[in-house]
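Notes follow once the structure below has been shown.
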Amino acid sequence: MRLSIFVKTFFLLLFSFHVSSRVIIENATLIDAENPKRINMTLVLQEDEIVYIGKTRLKEVAFQEDDTVIDATGKFIIPGLWDAHVHLTFIPELDYQTAYKLFLKNGITSIRDTGAVIEKLRPAIEFAEDNPLKAPRLFYSGPLIDGMPRVYKGSEPGFPELSVGVSKDTDKNLLVDNLIQEGVSFLKTYEMLTPEDFKELQEIAEQRNLRVTSHIPLSMDLIDAVDAGLDGMQHIRNLELACAEEARDMLTKRKKLLENEDLLPGSSLRSKIHGLQRPKALMNINEQRCDEVIKYLASNNVYQTPTLTINTVGSKRFFANKEWQETYNFLPKEVKTEWLQNSNNLAEQPINESYKNYEKWSFNIVNLFNKHKVKVIAGTDTPIGFLTPGFSLHKELELLVEAGLTPIEAIKAATITPAEFFNLDGKMGSIEVGKRADLLILNNNPSLNIKHTRDIVTVISKGSIYID
Ligand SMILES: [Zn+2]
């Protein structure tokens, strides 16, 4: 095909300025959740931006000497993935540099840390700022904002310090303003908050244009939390309490339990309440009510990060799988040894029936979310539950498909929807001119089989080819 002089000149002008080196990908098939499949495409990436997309056969891109040209014939390109529920500080021995490498190596170019005390997260934040090519894009909430007694206090085994506890006397404006100073881009509120404190935090966040994602406080009904302006939920946590036949009566009982007459620590009090109410709720789900609740979540745009990987870890037991255990080889030696030992010990124990019920419930809910067009975001809770950073996100994608999403819908949950949570969908999450240059080149078509997202040829993060 011959181009008119005008068009040629236009493209030459556009692409022959010698700025910095570019990455040019030719003959690619582009797959994202916003566009139909595009075949035989050329992409030009300059620094951290997609600056051109066009049919390869037009040859309008004038190559420069230091361009990196990739022939992607037979390959598939998707946007860089997000793991929107991670805890970088959960296991101090699993250092952030290792985690960052594992995310990038697996094509996770953006992460959302959903709970960490700022001073512990600070080195990870600074490293990511100073070494943008060695870290995924990092979004963080800072600490879980919990009530009293708080759950993640750092004094019980398995519950590192991830939170701050607030009460009615806490200056929450100051708390939130300090977090904003520290660079947080959203807030995470937690299960032991009183309704009053939860609502106050929600209001403050709204005034400052921050979104809030939450574990629904045990003191509240989910609908009240949504009415207070809640923007997101994690793990579908406590949704069963809102769907239960005796939801109202159970809330009254919970409020009584929350008075904590035995002065239990927060982690034990929460476990006690979950232990008393969750199985009971799951056995008495009022399906019609549940449908109404889910429609309410959809109409109020409450983003859901179901974290199926962590919800099903007890029933699916990824940790017992030898192939999964191989991912431990990428972890620091002491973490690997401990994980292997604990994984094998746990694998010998019989599977608790309640885990299977919870898996069934989780899948069913995600399927209903999808049916009612609730926005779903992919996240894993790594490194909790022997969920190796990076690898676990691909597991989550598979589980989302198992729950009823199409592969493209699963990709959407790990690309455009998390970007949208941060109002960044104009800049990230699909393959468009003007968007950030985070891309994965895959060997096989992920819209045919979601497992193909693991089969990565090249990771491009911030416009640069990631080298492990
Ligand atoms: Zn978490």
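Values quoted throughout were computed directly from the atomic coordinates according to the rules given, and no laboratory measurement underlies them. Keep in mind it's a predicted model, so treat the numbers as computed, not measured. Methodologically, a virtual Cβ is constructed for each residue, glycine included, from the backbone with ideal geometry; neighbour enumeration extends over all protein chains shown.
Quick notes on this structure:
- Zone of Q97's modelled label, taken as backbone nitrogen in segment 127-167 under 20 Å from a point 7 Å along Cα→Cβ: 127-138
- For D231, residues with placed amide H under 5 Å, excluding near neighbours: V212
- Applying a DSSP loop filter and a limit of 14 other Cβ atoms within 10 Å to the chymotrypsin sites (Phe, Trp or Tyr not before Pro) in segment 52-100 leaves F63.
- N27 paired with D130, simple spin-label distance in nm, labels 7 Å along Cα-to-beta-carbon: 4.3
- In the chain, the longest principal axis of the Cα atoms and the axis of helix 96-105 are about 50 degrees apart.
- Net charge of neighbours whose Cβ lies under 9 Å from the Cβ of V302, counting Lys and Arg as +1 and Asp and Glu as -1: 0
- For the listed peptides 397-410, 345-358, a ranking on the average number of other beta carbons within 10 Å per residue, highest first, reads 397-410, 345-358.
- Counting beta carbons within 10 Å around each of R254, R270 and listing the fewest first gives the order R254, R270.
- Projected label points at L58 and S354, each 7 Å from Cα along the beta carbon direction, are separated by 6.0 nanometres.
- Amide H to amide H distances under 5 Å link K75 with T29, where only residues 5 or more positions off or on other chains count and H is placed in the peptide plane.
- Other residues within the sphere of radius under 13 Å centred on the Cβ of I39, judged by their own Cβ, net out at +4 (K and R +1, D and E -1).
- J(HN,Hα) series, segment 154-159, from Karplus relation 6.51 cos²θ - 1.76 cosθ + 1.60, nearest Hz, glycine and proline x: x, 10, 10, x, x, 10
- Within the shell of other residues whose beta carbon sits under 13 angstrom from the beta carbon of I377, the net charge comes to -3, with Lys and Arg scored +1 and Asp and Glu -1.
- Net charge dipole, the chain: roughly 1200 debye, given to the nearest 20, about the Cα centre with Cβ charges of +1 for Lys and Arg and -1 for Asp and Glu.
- Placing dummy labels 7 Å off each Cα toward the beta-carbon, the span from N173 to N344 is 5.9 nm.
- With the helix formula -39500 (n - 2.57) applied to DSSP H stretches of n ≥ 4, the chain reaches a computed 222 nm mean residue ellipticity of -11500 deg cm²/dmol.
- For R38, residues with placed amide H under 5 Å, excluding near neighbours: L30
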